């Protein structure tokens, strides 16, 4: 199992390096997603399966989709089809695909290696000091309940802030309102 | 699992440093925001490593809060990027170098 950790660690570092040195934002985003997937495998190996799933669902899924959305929004112009064709050149997606393939092989290896009987599986999970999602949830809603509510406040503030900042500037046509804006 | 905790922390440190380098070196705001994501993720990894080393679930709970914070931060940051782009027609952070109070 140790070798899996080292492979994923090297893949995460390589993908992150490719991300910060990339020129095109979309390519860098691909490498960032691959890096997050590699870190997710590491979380699984460290005995945090719930966090590994959340990393894929929320980080690599939801947050990265926001990035893609904004990058696509900033690049709105006539030659979109040409750009999209350029994005599908083999040289661009081979790197991330290779890294993802290695991660997939690691996952397949872990699945195949899994013993058949539930008793043995539980023994291995105990030996790895795996922390089940239930323990996390129980702690989250007893000891840390106040922090959970603070996180909810933060998310609401984030939504309102994003809505306010994302608004387009209002153009007023009336002379009086224009003068008022100038004086402000 | 017999991986030394030092090596796991070392991975978190390396990822954090790569993210920090990205924030300091790149001038494209989208890249800067992505590097901040890498840094937050590395901090979360350090929490998970700590939780795994002690056998407590607290590290994973902390990661959940980092996740929520990262989501809120990205939403506001991307809205700011859109505003910057509307104003300066560019995603270069150095273009927004003068303030008007």
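The values are calculated or read from the model by the stated rules, or taken from the named source; none is laboratory data. In this text the structure is predicted, and so the values were computed from the model without any measurement. Glycine gets a Cβ as well: all are built from the backbone with ideal geometry, and neighbour counts include every protein chain shown.
Among what's in the range B:9-18 and is more than 7 Å from chain A (Cβ to nearest Cβ) and either touching a residue at least 12 places away in the same chain (Cβ under 8 Å) or not in a helix (DSSP H, G or I) (or both), pick the residue that is surrounded by the most Cβ atoms within 10 Å (Cβ to Cβ). Walk me through it before giving the result.
Applying the first criterion (more than 7 Å from chain A (Cβ to nearest Cβ)) to the range B:9-18 yields B:9-10, B:12-13, B:16-17.
When the remaining residues are screened for being either touching a residue at least 12 places away in the same chain (Cβ under 8 Å) or not in a helix (DSSP H, G or I) (or both), the result is B:9, B:12-13, B:16.
Numbers: B:9: 15, B:12: 22, B:13: 13, B:16: 18.
Taking the candidates together, the pick is B:12.
Only one residue in B:42, B:71, B:46 is within 12 Å of the chain's Cα centre (by Cα) and closer than 18 Å to residue A:12 by Cα. Which one?
Details: B:71 fails: closer than 18 Å to residue A:12 by Cα; B:46 fails: within 12 Å of the chain's Cα centre (by Cα).
Exactly one of B:42, B:71, B:46 is within 12 Å of the chain's Cα centre (by Cα) and closer than 18 Å to residue A:12 by Cα, namely B:42.
Yes/no per residue for (1) part of a loop (DSSP other than H, G, I, E, B); (2) modelled with pLDDT of 70 or more; (3) touching a helix residue (DSSP H, G or I) at 6+ places or on another chain (Cβ under 8 Å); (4) within 30 Å of residue B:52 (Cβ to Cβ):
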position	(1), (2), (3), (4)
A:52	no, yes, yes, yes
A:55	no, yes, yes, yes
A:60	no, yes, yes, yes
A:65	no, yes, no, yes
A:73	no, yes, yes, no
A:77	yes, no, no, no
What is the one condition in (1) surrounded by 20 or more Cβ atoms within 10 Å (Cβ to Cβ); (2) within 7 Å of chain A (Cβ to nearest Cβ); (3) in contact (Cβ under 8 Å) with a residue 12 or more places away in the chain that residue B:31 does not satisfy? (3)
Hey, can you tell me all the residues within the range B:42-56 that are out of contact with any helix residue (DSSP H, G or I) (no Cβ under 6 Å at 6 or more places or on another chain) and either over 17 Å from residue A:47 (Cα atoms) or more than 10 Å from chain A (Cβ to nearest Cβ) (or both)? B:43
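Does residue A:135 count as surrounded by 10 or more Cβ atoms within 10 Å (Cβ to Cβ), modelled with pLDDT under 75 and under 29 Å from residue B:51 (Cβ atoms)? Walk me through it before giving the result.
Numbers: surrounded by 10 or more Cβ atoms within 10 Å (Cβ to Cβ): yes; modelled with pLDDT under 75: no; under 29 Å from residue B:51 (Cβ atoms): yes.
The answer is no for residue A:135.
For the range B:49-99, name all the residues that are at negative phi, outside any helix (DSSP H, G or I) and surrounded by fewer than 18 Cβ atoms within 10 Å (Cβ to Cβ).
Keep residues of the range B:49-99 that are at negative phi, which gives B:49-54, B:56-88, B:90-99.
Among the residues that remain, those that are also outside any helix (DSSP H, G or I) are: B:56-57, B:90-92, B:96-99.
Listed by number, the residues that qualify are B:56, B:90, B:92, B:96, B:97, B:98, B:99.
Does the range A:141-178 hold any residues that are in a loop (DSSP other than H, G, I, E, B) and farther than 18 Å from residue B:74 by Cα, and which are they? Full working, then the answer.
Pass one, the range A:141-178, residues in a loop (DSSP other than H, G, I, E, B): A:141-144, A:167-174.
Matches in the range A:141-178: A:141, A:142, A:143, A:144, A:168, A:169, A:170, A:171, A:172, A:173, A:174.
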Test: residue A:108 is under 27 Å from residue B:78 (Cβ atoms), under 24 Å from the mean Cα position of the chain (by Cα) and in a helix (DSSP H, G or I): no
